[in-house]
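Novice: One structure follows; several queries about it will come next.
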Amino acid sequence: MQVRGTIYHHNRLIFHDGIVGKKYLVLLNTPSKNEPYLFVKATSQQKDKPLTPGCIKKRSLFFIPGGKTFFPKDTWVQLYDLYPIGPKHIDNNKDITIEGSLDHKVIDDIVNCLFDAEADNIAPVDKKLLRPPLQDSLLKLKEKFGKK
């Protein structure tokens, strides 16, 4: 079972506009067996993006300076596009590899930024996956550690 903050690399991601490309993806939830993995894309292409570390609410971005985490280059997590991917499309997919992870503080900050910037655009089902009720969290811990 993967946990939120895991960084994947997808060699053949189909973007929302239909283009296929390589992309780093950050897992925002800790999915149970049948739940989708909720991802956001990460990019090191600055273009006109600000270099302000942390949440850039107006642009729906989260900036991670290079070398501070897994990412060696300055990286912007793009919060305006959620990518839900079903578990059967993750498991045994040669185009998707796990590359690293972000620490709990950074992933918490990213999810909080997502809610600050995009709260009105997040589907209720996705909100529940991103911030599950306490009961769901306890069940996931029980699942993970196999204790009764």
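Just so you know, all these numbers are worked out from the coordinates, no wet-lab data involved. These figures come from a predicted structure and were not determined experimentally. Cβ sites come from the backbone with ideal geometry, for glycine too, and all protein chains shown count toward neighbours.
Novice: Only Cα pairs under 8 Å and at least 6 apart count here; give the relative contact order of the chain as a rounded whole percent.
Specialist: Over the chain, the number comes to 25 percent.
Novice: Here's a follow-up. I'd like the orientation of helix 104-118 relative to the chain: the angle between its Cα long axis and the longest Cα principal axis, in ° from 0 to 90, rounded to 10.
Specialist: 70
Novice: Something else: Take the cross-link list Lys33/Lys73; Lys58/Lys88; Lys23/Lys127; Lys23/Lys88; Lys33/Lys105; Lys73/Lys94 and give me the ones stretching past 27 Å between alpha-carbons.
Specialist: Too far apart for the 27 Å limit: Lys33/Lys73; Lys58/Lys88.
Novice: Another one. Using only Cα atoms, what Kirkwood radius does the chain have, in angstroms?
Specialist: Final number for the Kirkwood radius of the chain is 15.9 Å.
Novice: What are the residues whose amide H is under 5 Å from the amide H of Gly5, where those residues sit 5 or more places off or on another chain and H is modelled from the backbone?
Specialist: Leu27, Leu28, Asn29
Novice: Ok, one more. Magnitude of the Cβ-charge dipole of segment 6-145, K/R +1 and D/E -1, about the Cα centre, nearest 20 debye?
Specialist: My answer is approximately 180 debye.
Novice: What do you get for trypsin sites (Lys or Arg not before Pro) in segment 1-69 restricted to DSSP loop and a cutoff of at most 15 other Cβ within 10 Å of the site's Cβ?
Specialist: In loop regions of segment 1-69 (DSSP not H, G, I, E or B), the sparsely surrounded trypsin sites (Lys or Arg not before Pro) are Lys33, Lys47, Lys68.
Novice: Which residue, Val20, Val111, Val77, has the most motion in a Gaussian network model of the chain that connects Cα atoms within less than 10 Å?
Specialist: Greatest mean-square fluctuation among the candidates belongs to Val20.
Novice: May I pose another question? Helix 134-145 sits at what angle to the longest principal axis of the chain, using alpha carbons and giving 0 to 90 degrees rounded to 10?
Specialist: So the inclination is approximately 80 degrees.
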